[in-house]
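Chemist: For reference, the structure I am asking about is given below.
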Amino acid sequence: DVWGFLDSQESVGISPEMFREMIFPYYLRIAGSYGLLSYGCCEPVDVFWESIRTFPNLRKVSVSPWCDEAFMGERLRGQKTVYLRKPSPNYLGMGGTLDEEAVRAHIRKTLVAAGGCTLEFAQRDVYTINSDPKKARRYVRIIREEISRHWKP
């Protein structure tokens with residue numbers, strides 16, 4: 001009855017074979033304790049997808065800025081697992097001015113890659129908005145506009 005969460009940021013840089021042998025068997029055992037599982041944080045999950053996809057209770061997978069979005073969209077399209085997109089924190093957290101066109105392009109790339117998937121956005125790892133709450137509100141508005149114009153579920 002409880003959602004679980006697993007990630008393996010520490011495994012960035014190891015081979016899929018090493019992940020499958022040294023990490024995945026333990027994660028599989030832990031994941032079995034949960035009702036449903038959310039997997040991934042900032043690591044590129046596409047590298048280990050062949051293992052990760054075998055979690056029987058996997059319902060959400062993080063598609064971070066370091067992940068191959070198109071690859072994950074192809075794998076999750078039409079599946080019951082949610083494509084959890086974590087946009088780059090740089091657009092919102094870096095600099096005093098929001099680069100609106102860059103944000104739009106970044107979000108559109110996700111909308112195209114995740115077409116046909118169940119999509120969720122979660123903005124994380126933003127530690128400052130440079131004392132400008134309007135910047136954050138505008139950022140959210142841009143994402144909503146792009147979804148309304150370009151999303152094809």
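The values are calculated or read from the model by the stated rules, or taken from the named source; none is laboratory data. Note that the structure is predicted; figures quoted are calculated from it, not measured. Virtual Cβ from ideal backbone geometry, glycine too; neighbours counted across all protein chains shown. Protein only, heavy atoms only, side chains kept; ligands, DNA and RNA dropped before computing areas. Shrake-Rupley method; radii C 1.70, N 1.55, O 1.52, S 1.80 Å.
Chemist: Is at least one residue of region 17-30 closer than 26 Å to A113 by Cβ, touching a Phe, Trp or Tyr at 6+ places or on another chain (Cβ under 7 Å) and open to solvent by 30 Å² or more (accessible area, probe 1.4 Å)?
Modeler: No; the residues of region 17-30 include none that is closer than 26 Å to A113 by Cβ, touching a Phe, Trp or Tyr at 6+ places or on another chain (Cβ under 7 Å) and open to solvent by 30 Å² or more (accessible area, probe 1.4 Å).
Results for (1) at pLDDT below 95; (2) surrounded by fewer than 19 Cβ atoms within 10 Å (Cβ to Cβ); (3) out of contact with any Asp or Glu (no Cβ under 7 Å at 6 or more places or on another chain), shown as yes or no for each residue.
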position: L37; (1), (2), (3): no, no, yes
position: N57; (1), (2), (3): no, yes, yes
position: P65; (1), (2), (3): yes, yes, yes
position: G73; (1), (2), (3): no, no, yes
position: L98; (1), (2), (3): yes, no, yes
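Chemist: Report whether or not R104 is surrounded by fewer than 16 Cβ atoms within 10 Å (Cβ to Cβ), in contact with a helix residue (DSSP H, G or I) (Cβ under 6 Å, 6 or more places away or on another chain), outside any loop (DSSP other than H, G, I, E, B) and not hydroxyl-bearing (S, T, Y).
Modeler: On the way: surrounded by fewer than 16 Cβ atoms within 10 Å (Cβ to Cβ): no; in contact with a helix residue (DSSP H, G or I) (Cβ under 6 Å, 6 or more places away or on another chain): yes; outside any loop (DSSP other than H, G, I, E, B): yes; not hydroxyl-bearing (S, T, Y): yes.
Answer is no for this residue.
Chemist: I would also like to ask the following. In this structure, does R141 turn out to be assigned to a helix (DSSP H, G or I), out of contact with any Cys (no Cβ under 7 Å at 6 or more places or on another chain) and within 27 Å of D46 (Cα to Cα)? Show your work before the answer.
Modeler: Values: assigned to a helix (DSSP H, G or I): yes; out of contact with any Cys (no Cβ under 7 Å at 6 or more places or on another chain): yes; within 27 Å of D46 (Cα to Cα): no.
Against the criterion (assigned to a helix (DSSP H, G or I), out of contact with any Cys (no Cβ under 7 Å at 6 or more places or on another chain) and within 27 Å of D46 (Cα to Cα)), R141 does not qualify.
Chemist: Among (1) out of contact with any Cys (no Cβ under 9 Å at 6 or more places or on another chain); (2) open to solvent by less than 70 Å² (accessible area, probe 1.4 Å), there is one condition Y83 misses while meeting the rest; what is its number?
Modeler: Status for Y83: all satisfied but (1).
Chemist: With the condition kept exactly as written, say whether any residue in region 105-112 is closer than 18 Å to S148 by Cβ, modelled with pLDDT of 95 or more and small (G, A, S). Lay out the reasoning, then the answer.
Modeler: So in region 105-112, the residues closer than 18 Å to S148 by Cβ come out as 105-112.
Filter once more, so that each one left must be modelled with pLDDT of 95 or more: 105-112.
Imposing the further condition that a residue be small (G, A, S) reduces the set to 105.
Within region 105-112, one or more residues are closer than 18 Å to S148 by Cβ, modelled with pLDDT of 95 or more and small (G, A, S).
Chemist: Follow-up. Residue check, I142 against (1) touching an Asp or Glu at 6+ places or on another chain (Cβ under 9 Å); (2) open to solvent by less than 20 Å² (accessible area, probe 1.4 Å); (3) under 26 Å from T81 (Cβ atoms); (4) not hydroxyl-bearing (S, T, Y), all met but one. Which one?
Modeler: (3)
Chemist: Within region 118-133, is even one residue over 28 Å from W3 (Cβ atoms), surrounded by fewer than 16 Cβ atoms within 10 Å (Cβ to Cβ) and modelled with pLDDT of 95 or more? Give the steps one after another, and end with the answer.
Modeler: First pass over region 118-133, keeping only residues over 28 Å from W3 (Cβ atoms): 128-133.
Narrowing the set further to residues that are surrounded by fewer than 16 Cβ atoms within 10 Å (Cβ to Cβ) leaves 128, 130-133.
When the remaining residues are screened for being modelled with pLDDT of 95 or more, the result is none.
No, because not a single residue in region 118-133 is over 28 Å from W3 (Cβ atoms), surrounded by fewer than 16 Cβ atoms within 10 Å (Cβ to Cβ) and modelled with pLDDT of 95 or more.
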